[in-house]
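One structure is given here, and the rest of the page talks about it.
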Amino acid sequence: MFHIYCPHCAEYREEEEFHASGQAHIARPKDPDTCTDKEWGEYLFFRKNPRGLHRELWIHTAGCRKFFNIVRNTQTYEVKDVYKVGQKSSCDPVPNLKQPVGAVL
Amino acid sequence: MQQYSGFGLLKHSLSHHENWQQTWRNPTPKKQYDVIIIGGGGHGLATAYYLAKEFGITNVAVIEKGYLGGGNTARNTTIVRSGYLWDESSLLYEHSLKMWEGLSQELNYNVMFSQRGVLNLGHTLGDMRDMQRRVNANRLNGIDCEMLDLQQVKELVPHLNCSDNARYPVMGASWQGRAGVARHDAVAWGYARGADARGVDLIQQTEVLDLIIEDGTIIGVKTDRHGDIKANRVGCVVAGNSSVLAKKAGFDLPIESHPLQALVSEPIKPILDTVVMSNHVHGYISQSDKGDLVIGAGIDGYIGYGQRGSYPTIEHTVQAIMELFPIFSRVRMNRQWGGVVDTCPDACPIISKTPIKNLFFNCGWGTGGFKATPGSGHVFASSLATGEMHKLAKPFSMFRFHNGALIDEHGAAGVAH
């Protein structure tokens, strides 16, 4: 069990109150009609799956029901940073990742 | 290879069991192999075994970071069945189930495959319709599967709570009588022993640090303890760590690694002689030969490589089992553990060529790879031997996520996740 700080409620709550909604900052292709099948497939299905720090979108389902972003270590489950959608993360770029999360940030 | 038999046991008892042959060697790797398999779990070892036995390729190494069968092979709940919805997956799992049926004799190693049947409970009209559809689909593919009504379920599992007062009353079930459980460790060890006897090098305690790729073709792997090892073809069977290795090869996989956990109770007297699964209340349970109740359920919703699960998931799992079997309310849980499962968006595996020439991946088995061990190893060995994907493996290409030919097994397959 780990605790997550909800930036909207401004409180630490138990993990059970939240729901992980997968990778954060996935940019929808600007012009889907001109996407190749490969580009569209990668947008829909291909996700970063790092062993280490990962940016994720979470929702406080049993609380304020708002979405927010977290930076979490997928090996130790330590939460490094929590920030609202639209805000900038204080750990940026994500350290220890070979490739920066890059253009989609 | 020393054959195991009752007579052999008797013979060795005369010398106090001190002269048993070592089950497999612990060789120093050569500089060059025809095929390197990364990952010494059940699937990797089965691949090596069939490469040597069926395809005559014995210059093979299996490179394992820890010890043989120490990952998800050692952590699953050992359920074997083939009742999947779509033709592609049910044919693959049925191929595997047929191989299970003769596996102990084939390997001369008791994998304790027990065809005690698997029951999938239905608690809603929607469940019942889905199951009927799946049962019909299975029968069209020649797979034994049938629908049971409530009375039949009661007779089969007398201790199941079939009362109307349950929060989610049981309405019926689908039943595959040939399905069952097996001893997980024995499968890995049996394949390891068979592969080793045919000349395959099993290299343990050696981590693959990087893949050596030249001009878009893989030529070997870089290891921590034995330096560079060259190979003509490389098969990657590393389950939860597939994304990490794919990244080293320079491509992404549509896989997310999640913790999946299981738990066992203290041993109790025989009470449950089949496997009971329920999608709706979300849990599954069987009883091992030792007497432990083996219980599993869902994955944690977030990505995790920690090989441990979260407490809320344990709680939900135990709640589900209590709903089904109130009689187990005083049974104490003995151990709990987690594994890292590689889940695909369509809940089907990837057995595929990759953008790198001569590099093949076998991954994405998610929460149900154990049952596929023999079949997966067999079709992957065929693909590694010929360079062309086996016909049962073809639909499971990683490129299906580009062309849209997904095999959407989520939920529909009676998979408890």
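Remarks
- Value of relative contact order over chain B, rounded to a whole percent, pairs C-alpha under 8 Å and six or more apart: 23
- Any cysteine of the protein assembly as shown lacking a neighbouring Cys Cβ under 4.7 Å - listed by number: A:Cys35, A:Cys64, A:Cys91, B:Cys145, B:Cys162, B:Cys236, B:Cys344, B:Cys348, B:Cys363
- Counting DSSP beta bridges with both ends in the protein assembly as shown, the antiparallel % (nearest 5): 75
- Proximal charge balance of B:Asn59 [Cβ under 12 Å; K/R count +1, D/E count -1]: +3
- Put simply, the amide H of B:Asp228, placed in the peptide plane, has neighbours under 5 Å in B:Thr223, leaving out anything fewer than 5 places away on its chain.
- Amide hydrogen neighbours beyond the local backbone of A:Asp81, cut-off 5 Å, H modeled: A:Val71
- Among the listed pairs A:Lys48/A:Lys80; B:Lys248/B:Lys371; B:Lys98/B:Lys371, a Cα-Cα separation exceeding 22 Å is found for B:Lys248/B:Lys371.
- Calculated FRET value between B:Leu140 and A:Thr36, using beta carbons and R₀ = 41 Å, to 0.05: 0.70
- Helix B:87-101 axis, angle to chain B major axis (alpha carbon atoms, nearest 10°): 80
- For B:His280, the accessible surface of its heavy atoms amounts to roughly 70 Å² (probe 1.4 Å, protein chains only, rounded to the nearest 10).
- Taking label points 7 Å from Cα along the Cα-to-Cβ direction, A:Lys84 and B:Asp408 give a separation of 3.7 nm.
- Environment charge at B:His390 (Cβ cut-off 14 Å; Lys +1, Arg +1, Asp -1, Glu -1): 0
- The residue among B:His17, B:Ile37, B:Ile303 whose Cα reaches farthest toward the positive pole of the charge dipole of chain B, with charges on the beta-carbon of Lys, Arg, Asp and Glu, is B:His17.
- Projected area averaged over orientations for region B:1-115, convex hull of C-alpha atoms, nm²: 9.7
- Kirkwood hydrodynamic radius computed over region B:343-417 comes to 12.7 Å, based on all pairs of distinct alpha carbons.
- Chain B: angle of helix B:184-197 to the longest principal axis, Cα-based, in degrees nearest 10: 20
- Whole-Hz couplings from phi, Karplus 6.51/-1.76/1.60, listed for region A:34-47; x for Gly and Pro: 9, 5, 6, 4, 5, 4, 5, x, 5, 5, 6, 10, 8, 10
- Inter-chain Cβ neighbour count for B:295-303, averaged per residue, equals 4 (cutoff 10 Å, partner chain atoms only).
- Neighbours of B:Gly240 by Cβ distance under 12 Å: Lys/Arg scored +1, Asp/Glu scored -1, total +1.
- Beta bridges by DSSP in chain B, antiparallel share as percent, to the nearest 5: 70
- In sequence order, calculated HN-Hα J values of region B:280-291 (Karplus, 6.51, -1.76, 1.60; Hz; x Gly/Pro): 6, 8, 6, x, 9, 8, 8, 10, 7, 4, 6, x
- Normalised by 2.2 N^0.38 Å, with N the number of residues, the alpha-carbon radius of gyration of region A:1-78 equals 1.31.
- Remark: relative contact order (chain A) = 25 percent; criterion is Cα-Cα distance under 8 angstrom and separation of 6 or more residues.
- Paired Rg and Dmax values of region B:139-225, which use every Cα atom, in angstrom: 24.4, 66
- Under-5 Å amide H pairs with A:Gly22, H placed in peptide plane, nonlocal only: A:Leu57
- Per-residue ³J(HN,Hα) for region B:375-384, Karplus 6.51 cos²θ - 1.76 cosθ + 1.60, θ = phi - 60°, Hz, x for Gly and Pro: x, 4, x, 5, 5, 6, 4, 4, 5, 5
- Cβ-placed point charges (K, R +1; D, E -1), dipole of region B:251-382 about Cα centre in debye, nearest 20: 300
The values are calculated or read from the model by the stated rules, or taken from the named source; none is laboratory data. Since this is a predicted model, take the numbers as computed values, not measurements. Virtual Cβ from ideal backbone geometry, glycine too; neighbours counted across all protein chains shown. These area figures cover heavy atoms from the full protein model, side chains too; ligands, DNA and RNA do not enter into them. Shrake-Rupley method; radii C 1.70, N 1.55, O 1.52, S 1.80 Å.
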